[in-house]
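> Before we start, here is the structure in question, set down as structure tokens.
The values are calculated or read from the model by the stated rules, or taken from the named source; none is laboratory data. Just so you know, these numbers come straight off a predicted model, no measurement behind them. Every residue, glycine as well, gets a Cβ built from its backbone with ideal geometry; the counts of neighbours run over all protein chains shown.
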């Protein structure tokens with residue numbers, strides 16, 4: 001009897017071991033195959049009560065946050081992801097930040113293209129607890145999947161230079177990030193992607209958003225159901241901005257124009273040396289300052305706000321007429337955004353006191369859209385009095401999100 005019990009016990013252990021070693025799932029179901037998503041890592045989880053407790057005190061300085069606060073209803077999970085994309089035809093792994101509502105449901109996507117950044121330590125996936133990124137993450141509580149790409153040159157791709165204001169790499173990497181987000185949601189989360197897409201951004205991100213809008217409309221309208229685009233204070237016309245800077249005695253943010261030139265020189269788009277555009281010692285410094293370790297403020301301290309000291313006399317007086325500068329002007333022109341006959345609701349926002357990117361850039365492209373035959377109800381210009389470039393980030397960002405919340409309720 002004892003030997004029988006021992007035999008039965010051995011058989012039971014063997015059966016348990018066998019069952020534990022077997023895959024009891026349907027073997028006919030293939031494992032998820034991700035073409036774009038490389039990896040994902042959960043960063044944090046936030047309850048709606050916590051989000052509301054953080055945002056409610058901000059209603060005093062930013063009363064426009066009320067729409068967001070009133071629509072908080074989901075807990076959220078924040079992920080860092082890496083994904084496959086291309087740069088100049090070569091494969092590269094990029095990264096970004098994703099915030100999703102917790103629980104079952106089908107949700108639209110917001111893609112946020114962030115503004116000018118020179119610090120790798122301040123890229124969205126590297127510093128997800130930065131105040132602006134936290135606000136964007138919290139928007140997921142209102143019922144959106146939020147995608148925030150790092151841009152090439154930051155995060156997982158920090159080993160390369162950042163191709164600043166480069167149309168092709170910007171739109172391709174942002175689109176591939178959206179595809180990676182879709183794979184994350186489809187293959188690993190319980191929520192589903194509603195397929196509706198809203199895009200927004202500020203400064204460089206405003207330009208990137210308008211470029212992404214055109215790219216999706218022309219090439220991927222069947223893949224992405226683009227519902228609306230909110231473009232804030234973008235440098236849509238780089239030649240106009242270049243002329244604006246050259247016409248001033250002082251320009252307060254020389255690192256902007258240095259960033260553009262550094263990008264185009266390193267990519268080979270500009271074929272003349274930096275010393276033809278900038279005076280020494282700035283011509284030498286510009287090619288070394290943008291290494292991901294210095295803030296815009298630190299870079300500005302190594303340059304000068306006086307245009308006659310920053311630029312060569314030849315460039316100041318002949319940027320648009322001297323054949324020497326053809327590659328500079330063509331690079332600026334080729335990466336500027338002109339209007340087209342869009343049918344996607346588009347809001348163009350800008351502060352009237354912006355002396356970094358003048359609001360006339362937004363005013364001009366709005367008028368160009370109207371001239372192309374786009375109805376005034378489809379494209380809207382919102383000029384905010386008394387707002388400068390830095391002070392416009394939150395008000396314009398919140399106005400964009402509020403607009404998306406209202407639009408999504410009707411879809």
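> Given 85, 45, 67, which one is within 30 Å of residue 165 (Cβ to Cβ) and in the same structural domain as residue 202 (by TED's automatic domain parsing)?
85
> Inside the range 29-52, can you point out the residues that are under 14 Å from residue 74 (Cα atoms) and without any contact (Cβ under 8 Å) to a residue 12 or more places away in the chain?
Listed by number, the residues that qualify are 49, 50.
> Here is a check on your reading of the model: is residue 292 touching a residue at least 12 places away in the same chain (Cβ under 8 Å) and either on the phi > 0 side of the Ramachandran plot or part of a helix (DSSP H, G or I) (or both)?
In short, yes.
Residue by residue, here is whether (1) part of a loop (DSSP other than H, G, I, E, B); (2) in contact with a helix residue (DSSP H, G or I) (Cβ under 8 Å, 6 or more places away or on another chain); (3) closer than 16 Å to residue 70 by Cα; (4) not assigned by TED's automatic domain parsing to the domain that holds residue 359 holds:
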| position | (1), (2), (3), (4) |
| --- | --- |
| 382 | no, yes, no, no |
| 388 | yes, no, no, no |
| 393 | no, yes, no, no |
| 396 | no, no, no, no |
| 401 | no, yes, yes, no |
| 404 | no, no, yes, no |
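> Can you give me the number of residues within the range 151-172 that are surrounded by fewer than 24 Cβ atoms within 10 Å (Cβ to Cβ), in contact (Cβ under 8 Å) with a residue 12 or more places away in the chain and part of a helix (DSSP H, G or I)?
The qualifying residues number 7.
> Quick check on my filter: what residues within the range 357-373 are in contact (Cβ under 8 Å) with a residue 12 or more places away in the chain and out of contact with any helix residue (DSSP H, G or I) (no Cβ under 9 Å at 6 or more places or on another chain)?
Once the filter is applied, which keeps residues that are in contact (Cβ under 8 Å) with a residue 12 or more places away in the chain and out of contact with any helix residue (DSSP H, G or I) (no Cβ under 9 Å at 6 or more places or on another chain), the range 357-373 yields 359, 363, 366, 368, 369, 371, 372, 373.
> Can you confirm whether residue 377 is at pLDDT below 95, farther than 28 Å from residue 61 by Cβ, surrounded by fewer than 17 Cβ atoms within 10 Å (Cβ to Cβ) and assigned by TED's automatic domain parsing to the domain that holds residue 136?
yes
> Check residue 55 against each of (1) modelled with pLDDT under 95; (2) within 21 Å of residue 392 (Cα to Cα) and name the one condition it does not meet.
(1)
> Inspect all residues belonging to the range 358-380 and state whether any of them is out of contact with any strand residue (DSSP E or B) (no Cβ under 9 Å at 6 or more places or on another chain) and closer than 30 Å to residue 158 by Cβ.
Within the range 358-380, not a single residue is out of contact with any strand residue (DSSP E or B) (no Cβ under 9 Å at 6 or more places or on another chain) and closer than 30 Å to residue 158 by Cβ.
> For the structure I just gave you, tell me whether residue 197 is farther than 22 Å from residue 82 by Cβ, outside any helix (DSSP H, G or I) and touching a strand residue (DSSP E or B) at 6+ places or on another chain (Cβ under 6 Å).
Spelling it out, it is not the case that residue 197 is farther than 22 Å from residue 82 by Cβ, outside any helix (DSSP H, G or I) and touching a strand residue (DSSP E or B) at 6+ places or on another chain (Cβ under 6 Å).
> Something else now. Exactly one condition in (1) exposed (fewer than 13 other Cβ atoms within 10 Å of the Cβ); (2) assigned to a helix (DSSP H, G or I) is not met by residue 331; state its number.
Going through (1) exposed (fewer than 13 other Cβ atoms within 10 Å of the Cβ); (2) assigned to a helix (DSSP H, G or I) one by one, residue 331 breaks only (1).
> Restricting to the range 265-288, count the residues that are in a helix (DSSP H, G or I), in contact (Cβ under 8 Å) with a residue 40 or more places away in the chain and surrounded by 23 or more Cβ atoms within 10 Å (Cβ to Cβ).
0
> Criterion first (farther than 17 Å from residue 148 by Cβ, at pLDDT below 95 and surrounded by fewer than 21 Cβ atoms within 10 Å (Cβ to Cβ)) does residue 194 satisfy it?
yes
> I need the full set of residues from the range 338-356 which are closer than 26 Å to residue 386 by Cα, touching a residue at least 40 places away in the same chain (Cβ under 8 Å) and out of contact with any strand residue (DSSP E or B) (no Cβ under 8 Å at 6 or more places or on another chain), in order please.
Across the range 338-356, the qualifying residues are 354, 355, 356.
> Among the residues in the range 232-255, are any farther than 25 Å from residue 360 by Cβ, over 29 Å from the mean Cα position of the chain (by Cα) and not in a loop (DSSP other than H, G, I, E, B)?
no
> Is it fair to say residue 208 is farther than 22 Å from residue 290 by Cβ, outside any loop (DSSP other than H, G, I, E, B), touching a residue at least 40 places away in the same chain (Cβ under 8 Å) and in contact with a helix residue (DSSP H, G or I) (Cβ under 9 Å, 6 or more places away or on another chain)?
For residue 208, the condition - farther than 22 Å from residue 290 by Cβ, outside any loop (DSSP other than H, G, I, E, B), touching a residue at least 40 places away in the same chain (Cβ under 8 Å) and in contact with a helix residue (DSSP H, G or I) (Cβ under 9 Å, 6 or more places away or on another chain) - is not met.
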